[in-house]
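Here is the structure we will look at.
The values are calculated or read from the model by the stated rules, or taken from the named source; none is laboratory data. On a predicted model such as this, the values are computed, not experimentally measured, just so you know. Note: ideal-geometry Cβ built from the backbone for every residue, glycine included; neighbour counts use all protein chains shown.
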Amino acid sequence: MENEMDQNLNLTDAAAPEPAPGPWYVVLTKPRQEHHAAEQLRRQGYTVYLPMHHTWQRRQGVWRCEQAVWFARYLFVSTAGQGRLSVAPIRSTRGVSALVGFGAALAVLPQPVVVHLMQLEAQARRQPADGISPFRPGDAVHIDTGPLAGLGGIVASSARQRVEVLMTLLGQERQVSCSPDLLRRVA
């Protein structure tokens, strides 16, 4: 599994690896097929970089910290690896929609950009996913369920199991403690 992560150039430790030399091509994948396309391309001998990050997602009313693709539907492929591979088979790979191009020229990502993306990803991995709660002080929230359903407020503090929300109740400012699963962010 760890070797698979290294081949895919997803970063598992604090140091960003040096990307493969040569051009990095931008690949457009089919919707939600980034991992499948990366695996198929890796099997063909390409070096694949699929930038990932942690994000909070609410599923079935429960907040969870999950790993997500940084650029939805995009990944980066280098043909420098096991010799010079042709880019032609990439187009017909399962999970791939197309190679990104401008006219007849393929879009090429310069190696310094790939290095910078890897460094940003490594830096984000060293930090927890925005702490231990999906809410930060100052976030505007709305209560979806419970006795205070329909009311809104501002997050004063948050922890894994409890969020303190400042609300106006009966004309007075009150701090209410509730589960993060009862809340949603207001845009």
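At a glance:
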read-out: Residue check, Ala15 modelled with pLDDT under 95, of a type in the set (A, V, I, L, M) and in contact with a helix residue (DSSP H, G or I) (Cβ under 8 Å, 6 or more places away or on another chain); value: yes
read-out: Filtered residues of region 128-155 (kept if under 24 Å from the mean Cα position of the chain (by Cα), modelled with pLDDT under 90 and of a type in the set (A, V, I, L, M, F, W, C)); value: Ala129, Ile132, Phe135
read-out: Met167 in contact (Cβ under 8 Å) with a residue 40 or more places away in the chain and surrounded by 15 or more Cβ atoms within 10 Å (Cβ to Cβ); value: no
read-out: Top-ranked residue of region 156-172 - restricted to ones that are part of a strand (DSSP E or B) and closer than 18 Å to Gly61 by Cβ, ranked as nearest to the chain's Cα centre (by Cα); value: Ser158
read-out: Residue that is modelled with the lowest pLDDT [pool: residues in region 114-127 that are touching a strand residue (DSSP E or B) at 6+ places or on another chain (Cβ under 9 Å) and either of a type in the set (Asp, Glu) or within 15 Å of Thr47 (Cβ to Cβ) (or both)]; value: Glu121
read-out: Failed item, numbered, when Arg58 is tested on (1) over 16 Å from Ala98 (Cβ atoms); (2) assigned to a loop (DSSP other than H, G, I, E, B); value: (2)
